[in-house]
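Colleague: Supplied in structure tokens, the structure appears directly below.
The values are calculated or read from the model by the stated rules, or taken from the named source; none is laboratory data. All of these numbers come straight from a predicted model, not from anything done at the bench. Reconstructed Cβ throughout: ideal geometry from the backbone, glycine too, with neighbour counts over all protein chains shown.
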Amino acid sequence: MVLGKVKSFTISYDCLNDSNVPVFSSGDSVSGRVIIEVTGEIRVKSLKIHAKGFAKVRWTESRNAGSNTAYTQNYTEEVEYLSHKDILIGHERDDDNSEEALTTIHSGRHEYAFSLELPTTPLATSFEGKHGSVRYWVKAELHRPWLLPMKTKKEFTVFEHIDINTPLLLSPQAGTKDKTLCCWFCTSGPISLSAKIERKGYTPGESIQIFAEIENCSSRMVVPKAAIYQTQTFYAKGKMKEVKQLVANLRGESLSSGKTETWSGKMLKIPPVSPSILDCNIIRVEYSLMVYVDIPGAINLSLNLPLVIGTIPLHPFGSRTSSVSSQCSMTMSWLGMALPERPEAPPSYAEIVTDEQRQSRLDVAPAREELDGPLFAYIHEFRFQPPPLYSEIDPNPDQASCPEVRRLDACPSR
């Protein structure tokens, strides 16, 4: 008998949304098919699947132990969220090669259904960061006599929903600061800054309305600015690693001495970014809005207003969806009926991120069980492009325009 060949060996998910993207949440049922296409006949000992999900962080640090000695310290940590095994053909043991223990698969296309329940406990949202990731996948293994097993793997996305329609995330955020410039016996007038935003929770694609007043009583020319930052924090072995990235920013008009500028709802749009991750023990993803005054020759005057990027957008009716699949496929016809004080109704998470964006991230970052080096900075099948560098947003970056740079105070020029 001439042995057949496996032409293709793939996994397909039964998607719960109209966009045909495998997106799930805690408590959902993940179902799909293992598809085998063969030419001729093949004998099979078993077909197994293993679904797995975990968060993992890893980074290294170099340390000096003396004048001529150096060593590298590795920091790793892992949290498992899902582990499920099933046998679709055959038995658990694969050491029996007798004819009675083998299954014949004839020429053609064959589909083997599988199904599993995600844990009802909160799961971490899928994520790809610089020093860690949160990944979920199903792996299939085809075992045949006298041959190495064939393996295939396909990831799926998990969203732990964040509904911004809660009192905490709908509460306004505000702050006030002032700064007096001085150098030795030379004193300049104060610079004052007050800023407010309507709420703490937003979804990607929304624009944040910034209300601010900047008063320049100093002798220097200053520039008011605002920026959204994402902070990724990784924890392992009692240590912490933090990565801060600029997501979006804007620039106001330069203010000369004695001038005041008022922002009456200045808009800063949130690009497609990963949702906040707040419940994972080893990875946190947080956001903040920094409203600041760029002061030449001195430390910037800045206000940090915390943000939470959610997945369920603001709506005027009070009916909420808790299913990831329904959220991804929900119609947004109610957007034009938003409350009058909210000039721009937020889109759903799925409307902001296109299928091409999701698929492109899947193509360039294939799943793997082990974390082996720096990863791309956004989530997996919803893997968004990393937030732009400051130089990509501000075409002429300099120290004076960057809120991260600390500068020494100096006397105003006379």
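Colleague: If a residue must be of a type in the set (D, E, K, R), within 20 Å of residue 83 (Cβ to Cβ) and not in a loop (DSSP other than H, G, I, E, B), how many such residues does region 116-165 contain? Full working, then the answer.
Modeller: From region 116-165, those of a type in the set (D, E, K, R) are 117, 128, 130, 135, 139, 141, 144, 151, 153-155, 160, 163; that's our starting set.
From what is left, the residues that are within 20 Å of residue 83 (Cβ to Cβ) are 117, 135, 139, 141, 151, 153-155, 160.
If we keep only those that are not in a loop (DSSP other than H, G, I, E, B) too, we end up with 117, 135, 139, 141, 151, 153-155.
Number satisfying all stated conditions: 8.
Colleague: For region 135-165, enumerate the residues that are of a type in the set (Ser, Thr, Tyr) and modelled with pLDDT of 95 or more. Spell out how you get there, then give the answer.
Modeller: Just the residues of region 135-165 that are of a type in the set (Ser, Thr, Tyr), to begin with: 136, 152, 157.
If the condition is that a residue be of a type in the set (Ser, Thr, Tyr) and modelled with pLDDT of 95 or more, then 136, 152 are the ones that fit.
Colleague: Right, residue 86: surrounded by 11 or more Cβ atoms within 10 Å (Cβ to Cβ), more than 37 Å from the chain's Cα centre (by Cα) and either modelled with pLDDT under 90 or in a strand (DSSP E or B) (or both) or not?
Modeller: On the way: surrounded by 11 or more Cβ atoms within 10 Å (Cβ to Cβ): yes; more than 37 Å from the chain's Cα centre (by Cα): no; either modelled with pLDDT under 90 or in a strand (DSSP E or B) (or both): yes.
Criteria not met by residue 86.
Colleague: May I ask you to verify whether residue 196 is of a type outside the set (Asp, Glu) and either in the same structural domain as residue 301 (by TED's automatic domain parsing) or under 27 Å from residue 85 (Cβ atoms) (or both)? Walk me through it before giving the result.
Modeller: On the way: of a type outside the set (Asp, Glu): yes; either in the same structural domain as residue 301 (by TED's automatic domain parsing) or under 27 Å from residue 85 (Cβ atoms) (or both): yes.
Answer is yes for this residue.
Colleague: Out of the residues in region 224-259 meeting the condition of being over 18 Å from the mean Cα position of the chain (by Cα) and among the polar types (S, T, N, Q), tell me which one is modelled with the lowest pLDDT.
Modeller: Step by step, filter region 224-259, then rank; the result is 257.
Colleague: Right, another one. Taking the condition at pLDDT 95 or above and either surrounded by 12 or more Cβ atoms within 10 Å (Cβ to Cβ) or in contact with a Lys or Arg (Cβ under 7 Å, 6 or more places away or on another chain) (or both), does residue 43 pass? Please lay out each step first, then the result.
Modeller: Working: at pLDDT 95 or above: no; either surrounded by 12 or more Cβ atoms within 10 Å (Cβ to Cβ) or in contact with a Lys or Arg (Cβ under 7 Å, 6 or more places away or on another chain) (or both): yes.
No; evaluated as a whole, the condition is false for this residue.
Colleague: Another question, then. Only residues that are in contact with a helix residue (DSSP H, G or I) (Cβ under 6 Å, 6 or more places away or on another chain) and part of a loop (DSSP other than H, G, I, E, B): list them for region 264-318, please.
Modeller: Passing the criteria: 272, 296, 311.
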